[in-house]
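The values are calculated or read from the model by the stated rules, or taken from the named source; none is laboratory data. Predicted model only: the values in this text are computed from it and were never measured. Cβ placement follows ideal geometry from the backbone for every residue including glycine, while neighbour counts extend to all protein chains displayed.
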Amino acid sequence: MIVALAGGIGAAKLLLGFSKLLPPNQLTVIGNTGDDIELFGLRICPDLDTITYTLSEKINPETGWGLQDDSFECVRALQDLGAPSWFRLGDRDLATHLWRTSLLQQGHSLTQVTARICEAFGTPCRLLPMTDSYTPTYLVTEQGELHVQEYLVREKCRPLVRAPKYLNIKEAQPAPGVADAIAKAEGVFLCPSNPFISIGPILAIPGVRELLIQTEAPVFAVTPIVGRRALKGPAAKMLAELGYPLSPTAVAGLYKDFLNVFVLDEQDRQLRAEIEGLGLKVVTINTIMSSIGDKIDLARELLELI
Ligand code: FO1
């Protein structure tokens, strides 16, 4: 059983690679739900949906989020109504949020709802939300507190970030199955995701870091920073604004209390000794995934490390 902690578009690429090499019952993904937002009374789970849509090969390949070939009539009608339309919900994507919200209101847990949506899409993995409670991430910025989607989408990552805030995270518990999966895993992989808004919320759930320290499985993290930049999204900008050096070493430092192996991109091989100095093993692999072949090759090389 392989367990992957994941959030965002970069993670979904690696997960697609894993899903081509592992049977669905051997891949458990713990998905970030800190990105979740409630809009128009609907619960929207961007990272869970990106993972679900990517692994069932229904993702919009241009954007990395939403459904391929989707239409946007509803968001256009919202615009005509003068309603907020900065968060572009596709019409078929909307069905996912309508159904999820309806099932949640009927008393089903997010874990149960996620399993039903994955079953409907034929998603070839077990996808667990990190927690069943609603713990949206906010960012304290120079423009006040912004929901992570307001920051990412409406403000296009421009505001200067002073701190992430994981709302209600102290009262959250790992979702059913999360503790067991980590304890019984043969290998645990932190996907190349933003350490503050994609992996951070998962690690902030009380007990999760301890689970990663306790497990017999080797714990790997794939760098989200290559050279001095993030391949996707604001991870590099956030590292700098939160006072960290713009380097993979800074990310390794965030995980070192539970991490065994840090996976560095080949172009950063000169940082190997520095990261080993943190007490971590280091491997250097080509971590940049452009084609499906790259995703499978990276997944294969990572599985061979176990
Ligand atoms: N990202 C955007 O940049 N613009 C959007 O309008 C947008 C809409 C959207 C709708 C549903 C969904 O599941 C994701 C969506 N995203 C959009 C992506 C999302 O903001 C980020 O990909 C994740 O939250 C990053 O982890």
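When Leu278, Leu259, Leu264 are screened for being assigned to a strand (DSSP E or B) and either modelled with pLDDT of 95 or more or at positive phi (or both), only Leu264 passes. Test Gly144 against the criterion of being touching a residue at least 40 places away in the same chain (Cβ under 8 Å) and either of a type in the set (Gly, Ala, Ser) or in contact with a Cys (Cβ under 7 Å, 6 or more places away or on another chain) (or both), and give yes or no. No.
Does the stretch 267-277 contain at least one residue that is more than 21 Å from Glu186 (Cβ to Cβ), of a type in the set (A, V, I, L, M, F, W, C) and either touching a helix residue (DSSP H, G or I) at 6+ places or on another chain (Cβ under 8 Å) or surrounded by 15 or more Cβ atoms within 10 Å (Cβ to Cβ) (or both)? Among the residues of the stretch 267-277, at least one is more than 21 Å from Glu186 (Cβ to Cβ), of a type in the set (A, V, I, L, M, F, W, C) and either touching a helix residue (DSSP H, G or I) at 6+ places or on another chain (Cβ under 8 Å) or surrounded by 15 or more Cβ atoms within 10 Å (Cβ to Cβ) (or both), which makes the answer yes.
Is it true that some residue in the stretch 223-237 is surrounded by 24 or more Cβ atoms within 10 Å (Cβ to Cβ), part of a loop (DSSP other than H, G, I, E, B) and within 16 Å of the ligand (Cβ to nearest atom)? Yes, that holds for at least one residue. When Pro245 is tested against (1) within 16 Å of the ligand (Cβ to nearest atom); (2) more than 25 Å from Arg43 (Cα to Cα), only condition (1) is not met.
Of all the criteria given as (1) among the polar types (S, T, N, Q); (2) touching an Asp or Glu at 6+ places or on another chain (Cβ under 8 Å); (3) more than 15 Å from the ligand (Cβ to nearest atom), the one not satisfied by Gln112 is (2).
Could you say which residue among Leu139, Leu152 is within 14 Å of the ligand (Cβ to nearest atom), crowded, with 20+ Cβ neighbours inside 10 Å and farther than 27 Å from Phe258 by Cα?
Values: Leu139 fails: farther than 27 Å from Phe258 by Cα.
Answer to the selection: Leu152.
Could you give me the residue pairs with C-beta distances under 7 Å whose first residue belongs to the stretch 80-98 and is under 15 Å from Ile59 (Cα atoms) and of a type in the set (Asp, Glu), whose second residue is modelled with pLDDT of 95 or more and more than 8 Å from the ligand (Cβ to nearest atom) wherever it lies, and which are 6+ apart or on separate chains? Within 7 Å, the pairs are Asp91/Asp70; Asp91/Ser71; Asp91/Phe72; Asp91/Glu73; Asp91/Cys74; Asp93/Leu67; Asp93/Asp70. Screening Glu155, Glu186 for residues that are within 26 Å of Gly253 (Cα to Cα) and among the acidic types (Asp, Glu) leaves exactly one candidate, Glu186. Residues that are touching a residue at least 24 places away in the same chain (Cβ under 8 Å) and either more than 20 Å from Lys156 (Cα to Cα) or of a type in the set (Val, Ile, Thr) (or both) within the stretch 226-249 comprise Val226, Gly227, Ser247, Pro248, Thr249, listed in sequence order. Exactly one residue out of Ile37, Ile59 is within 13 Å of the ligand (Cβ to nearest atom), touching a Gly at 6+ places or on another chain (Cβ under 8 Å) and not small (Gly, Ala, Ser), and it is Ile59. Exactly one of (1) touching an Asp or Glu at 6+ places or on another chain (Cβ under 7 Å); (2) more than 14 Å from the ligand (Cβ to nearest atom) is unmet by Phe18. Its number? Unmet for Phe18, out of (1) touching an Asp or Glu at 6+ places or on another chain (Cβ under 7 Å); (2) more than 14 Å from the ligand (Cβ to nearest atom): (1).
Is the stretch 176-187 home to any residue that is within 12 Å of the ligand (Cβ to nearest atom), touching a residue at least 12 places away in the same chain (Cβ under 8 Å) and buried (at least 16 other Cβ atoms within 10 Å of the Cβ)?
Kept after step one, since they are within 12 Å of the ligand (Cβ to nearest atom), are these residues of the stretch 176-187: none.
No, that holds for no residue.
The condition (being under 28 Å from Leu22 (Cβ atoms) and buried (at least 18 other Cβ atoms within 10 Å of the Cβ)) is satisfied by just one residue among Ser247, Ser198: Ser198.
So, Asp47, is that one of a type in the set (D, E, K, R), in contact (Cβ under 8 Å) with a residue 60 or more places away in the chain, within 13 Å of the ligand (Cβ to nearest atom) and touching a Phe, Trp or Tyr at 6+ places or on another chain (Cβ under 8 Å) or not? Explain how you work it out, then say what you get.
Working: of a type in the set (D, E, K, R): yes; in contact (Cβ under 8 Å) with a residue 60 or more places away in the chain: yes; within 13 Å of the ligand (Cβ to nearest atom): yes; touching a Phe, Trp or Tyr at 6+ places or on another chain (Cβ under 8 Å): no.
No: the conditions fail for Asp47.
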